[in-house]
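Right, one structure below, let's go through it.
The values are calculated or read from the model by the stated rules, or taken from the named source; none is laboratory data. Quick caveat: nothing in here was measured; it's all calculated off a predicted structure. Every residue, glycine among them, receives a Cβ derived from its backbone with ideal geometry; neighbour counts consider all protein chains shown. Remember, those area values only see protein heavy atoms, side chains included, never the ligands or the DNA or RNA. Shrake-Rupley method; radii C 1.70, N 1.55, O 1.52, S 1.80 Å.
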Amino acid sequence: MQIQFYTRPGCELCDEAERMLRLVAEDYPLEWQTINIEEDDEIHEKYMLMIPVIEQDGQVLAYGNIGYIDILELIEH
């Protein structure tokens with residue numbers, strides 16, 4: 001599964017979600033592109049209140065407090 005992971009520096013929820021992505025990726029085929037929302041004004045405006053955000057093919061799959069189980073459920077569907 002290939003996803004986009006929207007984040008920004010200093011975001012504790014983002015750091016935790018990325019740790020969960022790494023844990024899931026140890027056992028499942030999961031790859032992601034990390035995108036810093038502060039590097040693009042349009043993306044920043046779109047996601048600044050939602051991050052972290054997991055997106056695939058332009059569709060938001062999860063955002064906010066993203067845990068291990070949340071990511072696992074995305075992969076299994």
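Structure data summary
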read-out: Considering only the chain, percent of DSSP beta bridges that pair antiparallel, nearest 5; value: 55
read-out: Within a Gaussian network of the chain (alpha carbon springs, distance under 10 Å), most fluctuating of Glu45, Glu31, Glu16; value: Glu45
read-out: Met20, Met48, ranked by accessible area, largest first (probe 1.4 Å); value: Met48, Met20
read-out: Å² of accessible area per residue within the chain, as computed with a 1.4 Å probe and no ligands counted; value: 64
read-out: Computed label-point distance, nm, for sites Lys46 and Glu76 using a 7 Å Cα→Cβ extension; value: 3.0
